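In what follows, a structure is listed as structure tokens, so that the remarks can point back to it.
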Amino acid sequence: MSRLEVKGLTHVYSKGTPFERTAIEDLNFTVESGGFVGIIGHTGSGKSTMVQHLNGLMKPTSGQVLLDGKDIWEKPEEIRALRFRVGLVFQYPEYQLFEETVYKDISFGPRNMGLEEREIDARVREAALLCGVGDELLERSPFELSGGQRRRVAIAGVLAMQPEVLIMDEPTAGLDPRGRDEILSHVHRYHEQRGATVLLVSHSMEDVARHATSVLVMEHGKIAMHGSVSEVFSRGERLSELGLAVPQVTAVFARLARAGLPVPTDVFTVEQGEAALRRLLRERGVIS
Amino acid sequence: MNKTEDMIQTIELGFSYPGEGGAPVLQGVSLTVERGSFVAVLGHNGSGKSTLAKQMNAVLLPTEGKVLVEGIDTREEARVFEVRQKVGLAFQNPDNQIVATIVEEDVAFAPENLNIPQEETARRVEYALRAVDMWEYRTHSAHQLSGGQKQRVAIAGIIAMMPHCIVLDEPTAMLDPVGREEVLSTVRRLNRENGITIVMITHYMKEAAMADRVVVMDKGKVVLDGTPREVFSEVDYLESLGLEAPQATTLIHRLRGDCPSLPADVLDEEEAAQAILHLFEGVAG
């Protein structure tokens, strides 16, 4: 079943003024319930504008966003409730922390939902645990924490609302590899434990290849490609034209295939690459 | 003794933030950055690499040992401006480094503050903007530029001070792949063509691969120091430090156990493909 459906979605900034600019134009796609979609594209390709429509933060100039088949703007007075169901984590979310303690910050969303105190407490602790925010941090000020810790607190604040759809706009920007892997594994766990639908905006093809099941590529406010990870990443030349790079290991396999070696070209992770080469090495009797 | 060709020398450098009582942020760091070289400093968050960068132009001063910039001890208060004139520091977030509204005014900010005559300032602004390939944007509004362009303007602002060395603290961390490539090719050109010594702090191994030398930091100490090939061949050790070798390097490394003829120092996709093809040469298909 499709959880999210985008139909003819268009947004024009400053319409009717000399600064009029179409940021996204006639976008059409669906996201299946429980799917994990990677969204890639240049800065300025319309990714952020698009995702801000999905939780009703921006209103389409024309077109529709449907959640479970219902237009999210059908009853504008219910848009706030929608934002509890579709959670959005912005770029550099740690700059949005404002409460005195980590606990208060994570509980802000669930409290706004009007939940009971006991339920709020349970959700804060569960989200904190899921994001690797230890109990000992809950009573600290968010401003005493490291950048990576603050980022995890900000994400926990969104997960505490237990959104059915989780949208993340470059959640790992500026983190080192360890911090990046930690955040993505938290997201992955949330996706699996709750069956949540996830949309991940990322500049890292490697991360998208590792976590997503389908990929949406944006260019100049339009959808340039949409398909499974293999479908999209096997079109390396088209991606290069769009100024996007395939994962380095994919580029290695493209070179091997061009040189005539019978290797698959839908290899995106080191693990897949290693397995494919071992298979071929065994076939040729190079290794046993 | 400090040789004249040494740009920066740290001698048993140690540093602790006041009142923190914890482990020192830097410990016994002895490094020499030669004039004209391009050094990448790698480490995960919290390894001390940014603190080291700030020691290199006297933003922070050693609590143990010393730092010499072209022979000047950074603790000599009277010469701190001399030190900062020789070594410029660029930061991660381009938005925090732009001070004026128009690109050329931003680049002129430092020379004007140093009371450099107007004609000389104009000459430096042109030189700096051309060096980062932003001359045609000189009359543009700075806040409308892309992240990569802003970062290049910030670097031009440093070049206008005519430093001998630029230390860049994760200059690409907040940029998209296009902006990242713009900044990296600019940095590489400043080193090769303008002869500026570069120290680049990064946690991207792919970026470190373009340096002459890679220094790896962990827990405030230097744990590896060598050419990119020497350093990247230590894949397992780097992973244990929370760093990550490029995919091409890791792929070859994992196959080396069974295929010891594979090279240990593969840096990019081209070298990896060549190494694999070589392995299959002469084997019946």
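The values are calculated or read from the model by the stated rules, or taken from the named source; none is laboratory data. Predicted model, so just to flag it, every value in this text is computed and none were measured. Note that we place each Cβ from the backbone using ideal geometry, even for glycine, and neighbour counts take in every protein chain shown.
When the range A:6-27 is examined, which residues are found to be more than 19 Å from residue A:57 (Cβ to Cβ) and assigned to a loop (DSSP other than H, G, I, E, B)?
Those that are more than 19 Å from residue A:57 (Cβ to Cβ) and assigned to a loop (DSSP other than H, G, I, E, B): A:16, A:17, A:18, A:19, A:20.
Do the conditions hold for residue B:107, that is, is it part of a loop (DSSP other than H, G, I, E, B), touching a helix residue (DSSP H, G or I) at 6+ places or on another chain (Cβ under 9 Å), farther than 24 Å from residue B:37 by Cα and not small (Gly, Ala, Ser)?
Answer is no for this residue.
Give the residue, chosen from B:167, B:103, B:67, that is among the β-branched types (Val, Ile, Thr) and more than 21 Å from residue B:197 (Cα to Cα).
Answer to the selection: B:103.
Taking interchain pairs and intrachain pairs at least six residues apart, which have beta carbon atoms under 6 angstrom, with the first residue in the range B:188-210 and more than 20 Å from residue B:230 (Cα to Cα) and the second among the charged types (D, E, K, R)?
Pairs found: B:197/B:35.
Just give me the residues in the range A:243-267 being at the interface with another protein chain (Cβ under 9 Å from one of its Cβ atoms) and in contact (Cβ under 8 Å) with a residue 24 or more places away in the chain, in sequence order.
Within the range A:243-267, A:243, A:244, A:245, A:247, A:248, A:249, A:250 meet the criteria.
Out of the residues in the range A:228-243 meeting the condition of being of a type outside the set (S, T, N, Q) and within 12 Å of residue A:41 (Cα to Cα), tell me which one is surrounded by the fewest Cβ atoms within 10 Å (Cβ to Cβ).
The selected residue is A:241.
Which members of the range A:43-59 meet the condition of being in contact (Cβ under 8 Å) with a residue 12 or more places away in the chain, part of a loop (DSSP other than H, G, I, E, B) and over 19 Å from residue A:227 (Cβ atoms)?
Hits for the range A:43-59 are A:55, A:56, A:57, A:58, A:59.
Considering only the range A:161-181, how many residues are more than 7 Å from chain B (Cβ to nearest Cβ), crowded, with 20+ Cβ neighbours inside 10 Å and outside any loop (DSSP other than H, G, I, E, B)?
6
Please determine, by comparing only the residues of the range B:86-102 that are touching a residue at least 12 places away in the same chain (Cβ under 8 Å) and within 14 Å of chain A (Cβ to nearest Cβ), which one is surrounded by the fewest Cβ atoms within 10 Å (Cβ to Cβ).
B:95
Only one residue in A:139, A:74 is in contact with a helix residue (DSSP H, G or I) (Cβ under 8 Å, 6 or more places away or on another chain) and of a type in the set (Asp, Glu). Which one?
Going through A:139, A:74 in turn, just one is in contact with a helix residue (DSSP H, G or I) (Cβ under 8 Å, 6 or more places away or on another chain) and of a type in the set (Asp, Glu): A:139.
Tally up the residues in the range A:268-284 that are more than 9 Å from chain B (Cβ to nearest Cβ) and either in contact with an Asp or Glu (Cβ under 9 Å, 6 or more places away or on another chain) or modelled with pLDDT under 90 (or both), please.
2
Exactly one of (1) under 24 Å from residue B:136 (Cβ atoms); (2) in contact (Cβ under 8 Å) with a residue 12 or more places away in the chain is unmet by residue B:105. Its number?
Every condition holds for residue B:105 apart from (2).
Condition first: away from chain A (no Cβ under 14 Å) and touching a helix residue (DSSP H, G or I) at 6+ places or on another chain (Cβ under 7 Å). Now tell me which residues in the range B:135-156 satisfy that.
B:135, B:137, B:138, B:139, B:140, B:142, B:152, B:153, B:154, B:155, B:156, listed by residue number.
Can you give me the number of residues within the range B:255-279 that are within 10 Å of another protein chain (Cβ to nearest Cβ), buried (at least 19 other Cβ atoms within 10 Å of the Cβ) and not small (Gly, Ala, Ser)?
So the answer is 5.
Quick check: is even one residue across the range A:98-114 assigned to a loop (DSSP other than H, G, I, E, B) and surrounded by 18 or more Cβ atoms within 10 Å (Cβ to Cβ)?
Scanning the range A:98-114, I find no residue that is assigned to a loop (DSSP other than H, G, I, E, B) and surrounded by 18 or more Cβ atoms within 10 Å (Cβ to Cβ), so the answer is no.
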